[in-house]
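Working notes, structure below.
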Amino acid sequence: MSGDRPPRRHGPRQPARMLHALRRYLCLAPVPDGQSPAFLRDRVIALPLLTLIAFGTLSLAYGGVHDDSARVARHTSPALVELTRAEVSLAQAQREAESALTGPEIVGLGQTYPTLITRATQNLNQVAQSPALSASQRQGLQVVSGLVVAYNGYVGTADRNRNDPTLSKAYLSYALSMLCETTRSTGTPARCTDRAVHGYEATTIQDRIDQLERSLRTDLDAEAGWGTRPVVLAAVSCAAFVLLAVGLVRTLGFLRVRFRLLSLPLAAAVLPLLALPVLVLGTVRVHQGQAAVRQIADVDLAEVSTVSDTSAVPNPIDTLQQRTEHAMSGAHSADWASVTGFILPVGVLSAATTGWALLAYRRDYVRVPRREAFR
């Protein structure tokens with residue numbers, strides 16, 4: 001019918017209104033004359049909310065990075081070091097057994113071999129007590145410990161039968177096959193081959209230890225990396241901090257111009273924002289320490305564990321352990337991690353102070369309308 005009105009079209013206006021409301025709440029829109037109560041009302045909602053978002057996400061991101069740092073320094077890196085110690089001790093024990101039982105003069109095992117086996121067992125027990133291991137890794141380590149006991153039994157049997165060279169060599173050869181994958185060329189004794197056995201084919205002690213080391217190195221890489229979650233939280237936190245800083249500065253300017261007032265509570269709320277660059281710097285330093293530990297674990301420790309003779313280098317594992325400890329202590333990871341518990345309480349206190357101050361200003365402004373003359 002000709003008298004019917006065309007329906008109203010709200011579509012094009014709706015996004016504009018939403019954008020204007022968003023700019024108003026984020027303190028990006030100018031404040032028209034006569035809109036002071038509405039501006040204060042918006043600030044009462046926006047500034048405390050931005051404060052909680054900024055400090056909450058910062059606490060989660062900062063805490064996640066430094067929790068990983070503590071795990072690297074206290075659990076994963078020491079577990080890798082102890083596994084390498086056990087692997088090297090077992091290799092040295094095998095060489096000692098071969099020298100004592102198959103050399104020109106068969107003298108028996110003596111005290112060196114039992115000392116090396118005891119040291120390797122203690123290293124494996126220390127790894128078993130580490131929180132760095134998952135359930136599957138712990139189960140694999142239990143299998144290794146059982147194989148070491150069986151290996152030591154066969155070497156002991158070879159020692160007790162050392163007067164029968166054929167029987168002694170047979171038991172020693174079987175012990176070697178339990179320790180590592182072996183190869184035998186014509187006229188040469190069996191030796192450990194390159195360790196390239198993975199998965200279900202890893203049945204020897206060295207193969208299983210190598211598999212466990214690779215698993216721990218994968219965990220270390222994940223812990224020493226930035227990770228998706230901390231990066232996303234840090235991005236949200238940075239955006240919230242920028243909007244919060246803009247909102248606080250604009251609100252302070254608004255109160256100065258309209259009320260002739262310098263708000264000490266809002267000025268105090270700006271002070272915690274100045275600590276943000278310091279926290280970022282500390283996090284970067286800690287991450288550099290984690291990267292150094294990862295480099296040592298992936299390259300240097302892995303190289304030591306595959307070297308057949310470590311006697312040429314005095315205490316190589318001790319040196320690498322000191323380097324990992326120095327990398328984390330030099331970054332002051334423990335000191336930076338202690339800040340984590342203060343971030344969220346400071347944010348809550350800042351949000352409460354900001355909200356309380358803005359509520360007081362809005363209440364006074366509504367009760368005394370003539371202050372509008374200060375515009």
Quiz prompt | Full-stretch length increase - T157, T203 - with 0.36 nm per residue and alpha-carbon distance subtracted | solution = 14.4 nm
Quiz prompt | the range 33-366 shape via C-alpha gyration tensor axes, a/c threshold 1.5 | solution = prolate
Quiz item: For labels at R256 and L274 in the simple 7 Å Cα→Cβ model, what's the distance in nm?
Solution: 1.5 nm
Quiz item: Hey, fewest Cβ within 10 Å first, where do E223, E96 land in order?
Solution: E96, E223
Quiz item: Quick one: which of 131-137, 41-47, 83-89 comes out on top by average Cβ neighbours within 10 Å, and what's the full order, highest first?
Solution: 83-89, 41-47, 131-137
Quiz item: What distance in nm separates the simple spin-label points at L264 and D221, each placed 7 Å from Cα in the Cβ direction?
Solution: 5.6 nm
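Every number in this text was worked out from the coordinates using simple rules, so none of it is lab data. Being a predicted model, the structure only gives us computed values, none of them experimental. Cβ atoms come from the backbone with ideal geometry, glycine included; neighbour counts cover every protein chain shown.
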